[in-house]
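One structure below.
Nothing in this text is a laboratory measurement; each read-out follows from the coordinates by a stated rule. Note that the structure is predicted; figures quoted are calculated from it, not measured. Positions of Cβ are generated from backbone atoms using ideal geometry, with glycine treated the same way; all protein chains shown enter the neighbour counts.
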Amino acid sequence: MIVHLCSDETFIDNCIIDVFNQLHQNKNTYIVISKNKDLVNIKQKEQVIHLHPNDDKILTLCNQSSAVIVHLMNQDKAFWVAKIKKEVTILWYCWGIDFYNLSEFESSNFSIYEPFTKKTFEQIYYNSFLKKIKHQLSFIRFIYFGLKKNFSIFNNTLDKAFNRIDFVSSVIPTEFKLIQKTLPLKKNVHYLNFRYGSMEMLLGVFYKKEFELGTKILLGNSCAFTNNHLDAFAHLKKLHVKSQIICPLSYGNLYNREIVEKKGNDLFSSNFEALKSYLPLEEYVKITTSCCVMIMNHRRQESVGNILLGLYLGMRVFLNSKSPVYHYFKAQGIILFDFYVDFKNTPTCLSPLTTNERNQNRAILEKLWGKEVVEQQILTVINMLTNKDKDNLPI
């Protein structure tokens with residue numbers, strides 16, 4: 001039996017429950033750890049066990065399993081992961097936010113923010129009354145739950161959990177070296193390469209369809225600061241870009257949403273459109289196809305699903321060259337571009353890829369995210385975690 005430690009996230013149904021139920025039938029237990037009385041995002045509620053973070057049943061179920069997969073690490077999960085008996089194999093699937101937001105990474109020399117965004121972020125979070133209040137509330141909560149959980153306040157829960165991990169997986173394989181360098185993992189920790197979903201799953205009814213793209217620019221994927229919207233705006237304004245800009249702002253930081261929307265309207269007027277509502281996949285893809293250019297200015301690994309969508313559609317995709325995603329895709333032969341170097345206000349830069357370029361990208365994406373490839377990767381993970389393939393550990 002494999003226990004899956006999950007959060008109440010939107011794609012748990014399709015990318016975890018459906019996939020593992022198909023490939024490892026009747027041998028999965030899905031635990032959703034949440035303080036909320038009712039689950040909001042997960043639809044298959046009958047498939048999961050909803051437990052409060054303080055419920056000892058979490059540890060009981062984990063210790064009864066042969067393996068545990070931690071889908072995104074956080075404090076609540078880490079508390080129990082650190083306590084799981086050594087006989088149980090543990091895989092941590094790093095989503096990105098559970099690594100790049102850690103103090104260990106934040107104390108490194110690498111900043112996930114571009115200059116304008118960094119200045120705004122610091123003004124909001126380090127020099128405001130709201131930040132002081134947040135610190136006070138966080139400290140009170142920290143004391144309370146620390147005392148309640150056997151004085152674990154005196155222990156570094158996350159470090160203990162990371163030191164308990166046997167295998168690591170991540171959205172792109174090249175992140176593993178950075179994770180290994182930054183966190184207190186075991187010396188003999190191994191990397192397992194697998195992905196939750198395939199291109200077919202991501203695109204649904206749009207898979208292998210032909211699209212006529214519009215002339216707009218899609219910029220960013222959320223109102224999180226890590227999109228570095230303000231710096232992207234400054235670059236576009238400097239180049240006197242007149243194209244319509246669509247900016248998805250449906251989730252993330254609400255303070256930043258207000259800042260980004262105001263700045264977008266000030267700089268680009270009627271050529272700026274903010275998407276502030278959650279949209280069904282079909283509607284979102286239709287809006288995306290009204291664009292021929294995609295700009296993702298993240299320095300960290302983020303928005304890979306959107307980037308895959310853009311590449312598959314044949315959009316001209318511009319990424320921040322400091323992002324590990326940019327370098328990973330480039331190494332695979334994907335045609336994409338450096339935003340600050342390659343983006344110009346020219347007809348070529350403001351047009352989609354050629355049919356041949358799009359087809360080249362699609363062929364590579366199928367090799368990396370094709371349905372058969374993804375399923376085989378997950379089967380390998382299952383065999384590794386259940387000791388059926390223990391003699392073939394990855395180096």
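Data overview
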{"quantity": "Ranked packing of 38-46, 298-306, most packed first, by mean Cβ within 10 Å", "calculated": "298-306, 38-46"}
{"quantity": "Equivalent ellipsoid dimensions for the chain as semi-axes, Å, which come from the Cα gyration tensor, largest first", "calculated": "36, 27, 19"}
{"quantity": "Three-way shape call for the stretch 14-103 based on the alpha-carbon gyration tensor, with the a/c threshold at 1.5", "calculated": "rounded"}
{"quantity": "Span from the the stretch 157-197 Cα centroid across to the the stretch 245-263 one, whole angstrom", "calculated": "32 Å"}
{"quantity": "GNM result for the chain, Cα springs below 10 Å: residue of ASN26, ASN74, ASN320 fluctuating most strongly", "calculated": "ASN26"}
{"quantity": "Residues of the stretch 45-67 with amide N under 15 Å of the 7 Å Cα→Cβ point at ASN21", "calculated": "45-50"}
{"quantity": "Dipole of the chain, positive end: most advanced residue of HIS229, ILE246, ASN193 [Cβ charges, Cα centre]", "calculated": "HIS229"}
{"quantity": "Helix-only [θ]222 nm of the chain, DSSP H runs n ≥ 4, -39500 (n - 2.57) each, per residue, nearest 500", "calculated": "-11500 deg cm²/dmol"}
{"quantity": "Candidates LEU254, LEU336, LEU203, ranked by Gaussian network fluctuation over the chain, Cα under 10 Å, top entry", "calculated": "LEU254"}
{"quantity": "Length released on extending from GLU200 to GLU372, taking residue separation times 0.36 nm less the Cα-Cα span", "calculated": "60.9 nm"}
{"quantity": "Magnitude of the charge dipole, the chain, Cβ model with Lys/Arg +1 and Asp/Glu -1, debye to 20", "calculated": "880 debye"}
{"quantity": "Per-residue Cβ neighbour rank within 10 angstrom, fewest leading, CYS62, CYS247", "calculated": "CYS62, CYS247"}
{"quantity": "Pairwise centroid distance, computed over Cα atoms, of the stretch 312-339 with the stretch 363-377, Å", "calculated": "18 Å"}
{"quantity": "Computed label-point distance, nm, for sites LYS177 and ASN101 using a 7 Å Cα→Cβ extension", "calculated": "2.7 nm"}
{"quantity": "Shape of the stretch 210-296, Cα gyration tensor, a/c cut at 1.5", "calculated": "oblate"}
{"quantity": "Simple spin-label estimate for GLU46 and LYS262 in nanometres, 7 Å along Cα-Cβ", "calculated": "5.0 nm"}
{"quantity": "Stretch gain in nm, segment HIS327-SER250, where the contour uses 0.36 nm per residue and the Cα spacing is subtracted", "calculated": "24.9 nm"}
{"quantity": "Residues with amide H under 5 Å from that of THR29, placed H, sequence gap 5 or more", "calculated": "ILE2, VAL3, HIS4"}
{"quantity": "Nearest-20 debye value, the stretch 32-76 charge dipole, Cβ charges on Lys, Arg, Asp, Glu", "calculated": "120 debye"}
{"quantity": "Cα-based helix-to-principal-axis angle, 229-238 vs the chain, degrees rounded to 10", "calculated": "20 degrees"}
{"quantity": "Mean Cβ neighbour count within 10 Å, used as a protection proxy, ranking 159-166, 238-245 highest first", "calculated": "159-166, 238-245"}
{"quantity": "Sorted by Cβ neighbour density within 10 Å, fewest at the top, the residues MET1, MET73", "calculated": "MET1, MET73"}
{"quantity": "Overall form of the stretch 1-64 per C-alpha gyration tensor (a/c, 1.5; a/b vs b/c)", "calculated": "oblate"}
{"quantity": "Exposure proxy ranking, count of Cβ atoms within 10 Å, fewest first, for MET296, MET199", "calculated": "MET199, MET296"}
{"quantity": "Per-residue HN-Hα couplings for the stretch 316-325 [Karplus 6.51, -1.76, 1.60; θ = phi - 60°; Hz; x = Gly/Pro]", "calculated": "7, 9, 10, 10, 6, 5, 7, 6, x, 5"}
